[in-house]
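Undergrad: I'd like to ask some things about the structure below.
The values are calculated or read from the model by the stated rules, or taken from the named source; none is laboratory data. Small disclaimer: the values here were computed from a predicted structure and weren't measured. Positions of Cβ are backbone-derived with ideal geometry, glycine not excepted, and every protein chain shown enters the neighbour counts. With ligands, DNA and RNA removed, areas are computed over all heavy atoms of the protein, side chains included. Shrake-Rupley method; radii C 1.70, N 1.55, O 1.52, S 1.80 Å.
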Amino acid sequence: MTAPRVCRACGAPLTGDVRWCLRCYEPARELTPRASVWAPGTFVDAPTVRGPSVPHWSRWERTSTTFGPVGRAAWTGVVVAFVCSALLGNPLLLLFELPVAAVVLASLWARGWVVPGGGMSGRSSTAIPGEAPSTWLGDAADIKQTVWLTLSGLGVMGTIMYGPPIAKFAAIATAVVGCSYAFVRGFFGRV
């Protein structure tokens with residue numbers, strides 16, 4: 001049984017088993033506000049142990065979803081070389097390559113959650129009994145998105161190479177808008 005309460009409207013005492021005041025019929029407050037357990041500005045799940053074994057965000061350590069500094073630098077070099085080849089060959093290709101390169105670089109340099117002592121194999125160390133391990137091939141949404149992006153990219157390239165001038169213009173404009181949208185969505189959607 002809960003402690004007796006007081007009516008907000010008339011001040012009459014209320015027992016714990018009523019939902020409204022028996023004197024003025026004002027609805028009784030079901031849950032009363034209580035003092036906060038945690039001090040303002042503290043996080044409930046703040047780690048109590050400080051040191052190298054505390055999980056943290058990092059751009060420079062290898063995680064299960066990101067490269068280490070050597071891998072990031074190497075792939076950045078590959079992306080920059082890819083963009084420079086377009087600059088030297090056909091500057092019109094920069095319209096397509098710059099947004100794609102920006103999305104790739106934003107993904108490469110995204111922060112990763114580092115769990116010290118955790119395996120980097122991509123599998124959880126604590127498997128749930130009776131549950132099959134998940135793989136990237138099991139995600140139908142990712143497969144559909146990859147197939148759609150591949151086919152649309154091939155369609156745009158084929159239109160640019162072999163289509164009439166108005167179709168080439170439409171394909172270029174669509175690709176620039178689509179890549180810009182993907183860049184903005186990917187860049188501002190990151191933590």
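Undergrad: Out of Leu105, Leu93, report the one residue that is assigned to a helix (DSSP H, G or I) and at pLDDT below 85. Please lay out each step first, then the result.
TA: Values: Leu105 fails: at pLDDT below 85.
Only one candidate qualifies: Leu93.
Undergrad: If I ask for residues that are assigned to a helix (DSSP H, G or I), at pLDDT below 85 and under 21 Å from the mean Cα position of the chain (by Cα), which ones from the range 45-86 would you list?
TA: none
Undergrad: Please work out which residue is farthest from Ala110 (Cα to Cα), limiting yourself to the range 54-73 and to residues that are open to solvent by 80 Å² or more (accessible area, probe 1.4 Å) and not charged (D, E, K, R).
TA: Checking each candidate, the answer is Val70.
Undergrad: Filter the range 110-151 for residues that are in a loop (DSSP other than H, G, I, E, B) and open to solvent by less than 70 Å² (accessible area, probe 1.4 Å); which is modelled with the lowest pLDDT? Break it down into steps so the answer makes sense when it comes.
TA: Of the residues in the range 110-151, the ones in a loop (DSSP other than H, G, I, E, B) are 110-111, 115-135, 139.
Okay, now just the ones that are also open to solvent by less than 70 Å² (accessible area, probe 1.4 Å), so 110, 116, 118-119, 122, 139.
Working: Ala110: 84, Pro116: 77, Gly118: 57, Gly119: 52, Gly122: 43, Asp139: 66.
Once the filter is applied, the top-ranked residue is Gly122.
Undergrad: Mind checking which residues of the range 77-103 are surrounded by fewer than 16 Cβ atoms within 10 Å (Cβ to Cβ) and of a type outside the set (A, V, I, L, M, F, W, C)? I'd like the intermediate steps shown before the answer.
TA: To start, the set of residues in the range 77-103 that are surrounded by fewer than 16 Cβ atoms within 10 Å (Cβ to Cβ) comprises 77-78, 80-82, 84-85, 87-95.
Passing the criteria: Gly77, Ser85, Gly89, Asn90, Pro91.
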